[in-house]
1. How about the stretch 1-60: which of its residues are of a type in the set (Phe, Trp, Tyr) and in a helix (DSSP H, G or I)?
2. Taking the stretch 44-80, which residues are exposed (fewer than 14 other Cβ atoms within 10 Å of the Cβ) and under 16 Å from GLY142 (Cα atoms)?
3. Could you list, in sequence order, all residues of the stretch 197-212 that are away from ligand 2 (no atom under 16 Å from the Cβ) and assigned to a loop (DSSP other than H, G, I, E, B)?
4. Could you count how many residues in the stretch 307-347 are under 15 Å from the mean Cα position of the chain (by Cα) and among the polar types (S, T, N, Q)?
5. Would you be able to say whether some residue in the stretch 224-243 is within 16 Å of ligand 2 (Cβ to nearest atom), part of a helix (DSSP H, G or I) and either of a type in the set (Gly, Ala, Ser) or in the same structural domain as SER157 (by TED's automatic domain parsing) (or both)?
6. Going through GLU194, GLU186 one at a time, which residue ends up being surrounded by fewer than 22 Cβ atoms within 10 Å (Cβ to Cβ) and either in a loop (DSSP other than H, G, I, E, B) or more than 16 Å from ligand 2 (Cβ to nearest atom) (or both)?
7. In the stretch 129-155, which residues are touching a strand residue (DSSP E or B) at 6+ places or on another chain (Cβ under 8 Å), part of a loop (DSSP other than H, G, I, E, B), more than 10 Å from ligand 1 (Cβ to nearest atom) and under 22 Å from GLY204 (Cα atoms)?
Amino acid sequence: MNTKVWKVDKYVDKLENNPQVVDAANFLRDNEVVALPTETVYGLGGNAKSDAAVEKIFAAKGRPSDNPLIIHIAEKNQLSEFVAEVPEKAERLIEGFWPGPLTIIFKKKEGVLSETATAGLATVAVRMPDHPVALALLKSCGLPIAAPSANSSGKPSPTTADHVLDDLNGKIAGVIDGGATGIGVESTVVDCTESIPVILRPGGVTKEQLESVVGVVHVDAALTDEAARPKAPGMKYRHYAPNAPLFMVSGTTEFLQGLVEEKRQEGLRVGVLTTEENARLFEADVVLACGKRAELETVAAALYDTLRRFNQEKVDVIFSEIFPNAGVGHAIMNRLQKAAGNKLITE
Ligand code: TXA
Ligand code: MG
């Protein structure tokens, strides 16, 4: 399959009528799959009402079929088509954070969406992305769009159209290139089907932000306890992994440098994932600064690109600094733990 690339400037007006966006929307209406930029990561979109379209998403990504997709909408009134009820707390979260990096789990109305999209669950995950190109595409096609991150299953999520093409060129109808995404880690997934909302996946909206709007918010036990079974099916898989084994390192920069030297003596090509503040303190084959430690948002924005760059650099092993587990650091550490398969070396 020849994968089309539509270049769209996200700052121009009336994007719904932009010929590139309209062309991509037509592919979606024909039940083809198209990658699109959002404010978090690139998504691989398909008509959420069509089994045929949704099956193409799973096939292109190589995604396990028990892992349901997030349904993307452009207008709040689209919810009533496939959501059974919008509880009061969900209503407040929508007011506070949509459009934006927050996915809400609702009870589902049966018989509207593809059962493959929701992996046969009684619930459905929905979000309204805060990206002009994504919103224009959603409006232009007029459909609820199922969209997981547009990477091969298990790889770091894509934050540029080039990342999408690295994984999916030839496997999808097209990609809209709207530039690099802003936030860099996926949306926060919050379950609103019980009386107290529960975070199933940390992401672009922090727990503190959610609590400022709805009061107490719980965190799925699986996010802190490796033995617990996660409520979001996708959270049980190893994810975001670079090709080389990645180790998180808790300790001083000297301790991390010592680990690098040990591996270099064994003849390995060693990578270090650090930050702008610390980069000059390391000597290794490949030292990559992933944003600024003093501004964790910049670490989130650079994280997946940095993991992918280690693949291009063909390192044998990667040692990574760790980050404070609060605010957006919670999402960064969650992704890093998954990328590392939880391997942590403590001084
Ligand atoms: O930022 C994002 O959320 C991106 C962009 C493209 O919107 N999308 C994304 O989708 O990250 P994906 O498929 O990579 O992750 C969806 C997560 C998975 O962990 C999945 O298991 C969970 O949401 N999920 C989906 N439906 C669910 C449901 N009904 N109940 C519990 N978890 C659900
Ligand atoms: Mg994903």
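1. PHE27, PHE58
2. The answer is GLU75, ASN77, SER80.
3. At the first step, the residues of the stretch 197-212 found to be away from ligand 2 (no atom under 16 Å from the Cβ) are 197-199, 205-212.
Within the stretch 197-212, PRO197, VAL205, THR206 qualify.
4. Qualifying residue count for the region: 2.
5. So far as the stretch 224-243 goes, yes, one or more of its residues are within 16 Å of ligand 2 (Cβ to nearest atom), part of a helix (DSSP H, G or I) and either of a type in the set (Gly, Ala, Ser) or in the same structural domain as SER157 (by TED's automatic domain parsing) (or both).
6. Every option except GLU194 fails the conditions.
7. PRO144
The values are calculated or read from the model by the stated rules, or taken from the named source; none is laboratory data. Fair warning: this is a prediction, and the values are worked out from it, not measured in the lab. Positions of Cβ are generated from backbone atoms using ideal geometry, with glycine treated the same way; all protein chains shown enter the neighbour counts.
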